[in-house]
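Structure, as structure tokens:
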Ligand code: PMP
């Protein structure tokens with residue numbers, strides 16, 4: 001059990017604030033006449049969305065066996081990354097720590113918020129060197145550590161998450177955007193033990209609803225109350241809330257989609273073994289592969305000519321591209337092209 005006091009980590013100006021909740025969302029009404037928010041009385045989508053996302057949180061709480069008060073919803077997990085930095089990192093003073101390489105948005109939002117970005121360089125297998133971690137977290141300015149598992153763009157998962165929670169006196173954000181593809185245990189089960197843990201998940205990947213822009217933060221009630229305090233009141237639009245509620249009614253669809261992607265992942269893995277222009281395929285727990293090529297310039301150009309878009313990662317990761325797993329037709333197109341190079 002960790003004894004970190006969250007209040008001491010929060011920026012002073014934010015500690016003083018309370019969440020903005022509209023009168024309407026704060027109370028229960030049976031047959032209300034809404035004349036309070038300067039909306040139009042016409043049309044189907046004329047009302048502002050529920051600023052507390054009550055139905056969505058209740059549904060997620062049931063799915064994850066947590067309290068709705070341990071759940072914050074964002075306009076994608078991107079927004080939640082920004083809000084977490086805003087809560088804990090004083091501009092021009094504090095820093096975030098992120099793995100290198102990892103998801104660029106942690107650095108993007110930290111920089112916009114005028115916070116420093118410290119990099120924890122991964123080893124040749126893209127794993128964290130624990131001694132390096134212990135050394136770097138001595139720096140008091142580091143308030144938040146973004147631990148992405150499975151990591152984007154490397155694809156591998158981090159074992160022993162509790163080590164990082166136990167050896168850092170700040171907030172550990174475990175970004176589980178790709179967890180459904182990994183077959184690994186979620187860190188959600190650690191929430192009760194670690195008040196400094198925030199778990200991020202998203203509807204953009206395994207759920208297949210990136211267009212709706214909905215991400216979720218799970219944490220202690222104390223941290224969730226802070227997220228609710230700094231978020232824009234109507235940060236998740238009404239259409240998206242409805243769409244996600246509907247998707248949550250059918251978790252089997254998610255499971256089916258994940259199964260299909262994993263089948264494709266195995267098929268691609270096999271195919272990659274027989275391809276000349278590939279030097280190395282890194283092990284992946286996600287819905288993408290990081291691949292090292294003999295001649296990235298040539299391969300990337302040929303893919304572009306055939307309108308196959310991939311994510312080029314060099315020079316940051318020399319010779320590497322990240323390839324998203326598509327459907328069989330798309331994957332076959334990719335393999336046919338690579339075989340002919
Ligand atoms: N975290 C990771 C690791 C990601 O790769 C992504 C999207 N590429 C996100 C978060 C953002 O997801 P969302 O669509 O929920 O903003």
Q | Per principal axis, descending, Cα span of the stretch 5-128 in whole Å | A | 61, 34, 32
Q. So, in Å, what gap is there between the alpha-carbon centers of the stretch 30-44 and the stretch 124-194?
A. 45 Å
Q. Which order do 322, 280 fall in if you start with the one that has the fewest other Cβ atoms within 10 Å?
A. 280, 322
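If you take every DSSP beta bridge fully contained in the stretch 132-264, what fraction is antiparallel? Give it as a percent rounded to 5. Write down the numbers at each step before the final one.
Numbers: 4 of 13 bridges.
Given both bridge residues lie in the stretch 132-264, the antiparallel proportion sits at roughly 30 percent.
In whole Å, what three semi-axes, largest first, describe the equivalent ellipsoid of the stretch 151-194 built from its Cα gyration tensor (square root of 5 times each eigenvalue)? Please list the in-between numbers first.
Numbers: eigenvalues 74, 30, 16 Å².
Calculated on Cα positions only, the semi-axes equal 19, 12, 9 Å.
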Q) Given the Cα-Cα distance of residue 37 and residue 324 and 0.36 nm per residue of separation, how much length would full extension add, in nm? A) 99.0 nm
Q. To the nearest 0.05, what FRET efficiency results for residue 225 and residue 266 with a Förster distance of 41 Å applied to their C-beta separation?
A. 0.40
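To two decimal places, what compactness ratio does the stretch 135-249 give when its Cα radius of gyration is scaled by 2.2 N^0.38 Å? Numbers along the way, then the final one.
Values: Rg = 15.3 Å, N = 115, 2.2 N^0.38 = 13.4 Å.
Here the answer is 1.14, to two decimals.
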Q) Highest GNM mean-square fluctuation, the chain, Cα pairs closer than 10 Å: which of 33, 154, 279? A) 33
Q: Please identify which residues in the stretch 250-272 have an amide N closer than 17 Å to a label point set 7 Å out from the Cα of residue 210, following the Cα→Cβ vector.
A: 257-258, 261-262, 265
Q) When every alpha-carbon pair in the chain is counted, what percent end up more than 35 Å apart? A) 28 percent
Q: Calculate I(q)/I(0) for the stretch 182-341 by the Debye formula, one identical point scatterer on each C-alpha and no solvent, and give its log10 at q = 0.11, 0.16 Å⁻¹ to two decimals.
A: -0.62, -1.03
Q. Can you give me the relative contact order of the stretch 205-341 as a percent, contacts being Cα pairs under 8 Å and 6 or more apart?
A. 21 percent
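Going by average Cβ neighbours within 10 Å, how do the peptides 134-146, 206-218, 259-271 rank, with the highest at the top?
Values: 134-146: 17.4, 206-218: 19.5, 259-271: 15.2.
Ranking the peptides 134-146, 206-218, 259-271 by packing returns 206-218, 134-146, 259-271.
How much length would be gained if the chain were fully extended between residue 55 and residue 237, taking 0.36 nm per residue of separation minus their Cα-Cα distance, in nm to one decimal? Display every interim value, and only then the final one.
Working: separation 182, 0.36 × 182 = 65.52 nm, distance 1.32 nm.
In short, 64.2 nm is gained.
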Q. Is it possible to state the helix-based mean residue ellipticity at 222 nm for the chain, with each DSSP H run of 4+ residues giving -39500 (n - 2.57), the sum divided by total residues, to the nearest 500 deg cm²/dmol? What is it?
A. -10000 deg cm²/dmol
Q: Would you list the P(r) distribution for the stretch 285-337, with all Cα-Cα distances sorted into 10 Å bins from 0 and each bin expressed as a whole %?
A: 24, 59, 17, 0
Q: Taking just the C-alpha trace of the stretch 95-174, give me its Rg and Dmax in Å.
A: 11.6, 31
Q.
Counting pairwise Cα distances across the stretch 192-264, what percent come out greater than 14 angstrom?
A. 68 percent
Q. If you take the beta carbon distance between residue 185 and residue 63 as r and set R0 to 22 Å, what does 1/(1 + (r/R0)^6) give as a FRET efficiency, to the nearest 0.05?
A. 0.90
Q | Square roots of five times the Cα gyration tensor eigenvalues for the stretch 48-190, Å | A | 26, 20, 14
Q | Angle between the chain longest axis and helix 54-64 axis [Cα atoms, degrees, rounded to 10] | A | 50 degrees
(Q) If I model a spin label at residue 305 and residue 166 as a point 7 Å from the Cα along the Cα→Cβ vector, what separation in nanometres do I get? (A) 5.6 nm
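If you take every DSSP beta bridge whose two residues both sit in the chain, what share of them, in percent to the nearest 5, is antiparallel?
On the way: 18 of 37 bridges.
Of those bridges, close to 50 percent are antiparallel.
Rg to Rh ratio, the stretch 29-84, alpha-carbon atoms and Kirkwood radius? Before the final figure, lay out the partial values.
Working: Rg = 14.8 Å, Rh = 13.8 Å.
Ratio value, two decimals: 1.07.
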Q.
Could you check the spin-label model distance between residue 339 and residue 251? Points 7 Å from the Cα along Cα→Cβ, value in nm.
A. 4.0 nm
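Over the stretch 1-117, what is the mean sequence separation of C-alpha contacts under 8 Å (at least six apart), divided by residue count, expressed as relative contact order in percent?
Relative contact order for the stretch 1-117 comes out at 21 percent.
To the nearest µm²/s, what D does Stokes-Einstein give for the stretch 251-318 at 4 °C and 1.567 mPa s, using the Kirkwood radius over alpha carbon pairs as Rh?
Working: Rh = 13.6 Å.
In µm²/s, the coefficient is 95.
List the relative contact order of the chain as a percent without decimals, with contacts defined as Cα pairs under 8 Å and 6+ residues apart.
Details: 568 pairs, mean separation 63.7, N = 341.
Dividing the mean separation by the residue count of the chain yields 19 percent.
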Q | Degrees, to the nearest 10: 76-88 long Cα axis against longest axis of the chain | A | 60 degrees
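FYI, it's all coordinate maths here, none of it is from the lab. Keep in mind that what you see is a predicted model, and the values were worked out from it rather than measured. Don't worry about glycine lacking a Cβ; one is built from the backbone with ideal geometry, like all the others, and counts go over all protein chains shown.
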